[in-house]
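Notes follow once the structure below has been shown.
Taken together, the values in this text are just the output of simple stated rules run on the coordinates, not laboratory data. Small disclaimer: the values here were computed from a predicted structure and weren't measured. Every residue, glycine as well, gets a Cβ built from its backbone with ideal geometry; the counts of neighbours run over all protein chains shown.
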Amino acid sequence: MKFSAQKADAAPRAVPSLAAVHAGRSRRNRSVMLVLVGALVVVAAFNLAVGAYSLSVPDLLRTLTGQGTQSENFIVLSLRLPRLTLALLVGVAFALSGALFQTVLRNPLASPDIIGVTGGASAAAVFGMLILGFGAVATSLAAFAGAIIVACAIYLLARRGGVVGYRFVLIGVGIAFMVQGLLGYLLSRANLNDAQGALLWLVGSVSGARWQDTAVVAVVLLVLLPVIRALSSRLRALQLGDDLATSLGVGAEGTRLILLVIAVALAATATAAVGPLAFVAFVAAPIARRIVGTGGLALLPAALVGALITTVADFTAQHLLPGQLELPAGIITGAIGAPYLLWLLASSNKTGKGA
């Protein structure tokens, strides 16, 4: 009787402990989000204030409210603010695209820049620039179409009784190599000036940003973010495996297809706007999961990390070499992402699976 009483007393204590764990995670998530938002605000201020014509914080705030001088208004509102806004938005788009790919396919290598989706956009854009003589708008449309075509090809080739993550990734990597061969051929046949312009686009850069480009990315995000939010519960069910997801009433294959379409649309839109910024989609979600300390979706932290990566990369690219021409932001993101890819491959060899 004594043992039974002790057991009965111990049972209710488990509920507060689980609630305490959940509350602790919620506090950690809120703290991480506040830190990421604060870091973004600081980096944004540096992007707007620092340059050949630098502004103090009071001058920057005055200019942002439309009270600056004519030159300050032009530099901040017409040149720097569109560039910063575009960097923020494409960072969010790339990050969410990578997070969706990696979560849906349950593979850390499943990222649009690894499996050839952004490569398809690049090949189509370069073909339009070098062969068809496309301008900026037509090149962006060609990039979007190229990403969609390559993604459809990968899906159809990988679909054998359902999409399996490792097969999707392997086929995507194979197509990515094919796309690289096509890009090499196109560049080798072009004249020097045209090839230089194509190479700059292939590296990825937010320089020369226009409000029209920013508006397109913003509209796509405004349309797709609520859809992602609505599908988040289904995405969590997919993480449990197809059988459990089906038992919970979630159509695994249909949900997977919808989420992959959204991920491709995000990657295609961002690539069409700024070119294939390397590794942003690849590293944003894993970094977010590590700093949040959970194996869950972490979509919002991933979006903030992606925005932070692109804005930091663009600021570094502008000011890394004083007195020299600025670097494309894609060079900086590549330098960030390549070591992570090498570490992931090395850890995969040791453990037999991705990190």
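Counting Lys and Arg as +1 and Asp and Glu as -1 over every other residue whose Cβ lies under 14 Å from the Cβ of I332, the net charge comes to -2. With a ≥ b ≥ c taken as the square roots of the eigenvalues of the C-alpha gyration tensor of the chain, please select rounded if a/c is under 1.5 and otherwise prolate if a/b is larger than b/c or oblate if it is not? Cα axes put the chain in the oblate bin. Among L81, L199, the order by Cβ neighbours within 10 angstrom, fewest to most, reads L199, L81. What is the stretch 78-145 by shape, rounded, prolate or oblate, if you read a ≥ b ≥ c off the alpha carbon gyration tensor as root eigenvalues and call it rounded for a/c under 1.5, prolate for a/b larger than b/c, and oblate otherwise? It comes out oblate by the Cα gyration axes. When the charge dipole of the stretch 77-351 is built from unit charges on Cβ atoms (+1 for Lys and Arg, -1 for Asp and Glu) and taken about the Cα centre, the candidate among L77, A110, A209 whose Cα reaches farthest toward its positive end is A110.
Got a sec? How would L192, L231 order by Cβ neighbour count within 10 Å, fewest to most?
L192, L231
Spacing of the modelled spin labels on V41 and Q196, each 7 Å from Cα toward Cβ, amounts to 4.3 nm.
Quick one: putting +1 on the C-beta of Lys and Arg, -1 on the C-beta of Asp and Glu, what dipole do you get for the stretch 77-351 around its Cα centre, in Debye to the nearest 20? Taking the Cα centre of the stretch 77-351 as origin, the dipole is about 480 debye. State whether the stretch 235-290 is rounded, prolate or oblate according to the following rule on the C-alpha gyration tensor (a ≥ b ≥ c being the square roots of its eigenvalues): a/c under 1.5 gives rounded; otherwise a/b larger than b/c gives prolate, and the remaining case gives oblate. It is oblate, given that a/c is not under 1.5 and a/b is not larger than b/c. With a cut-off of 14 Å between beta carbons, the residues surrounding I75 carry a summed charge of +1, where Lys and Arg count +1 and Asp and Glu -1.
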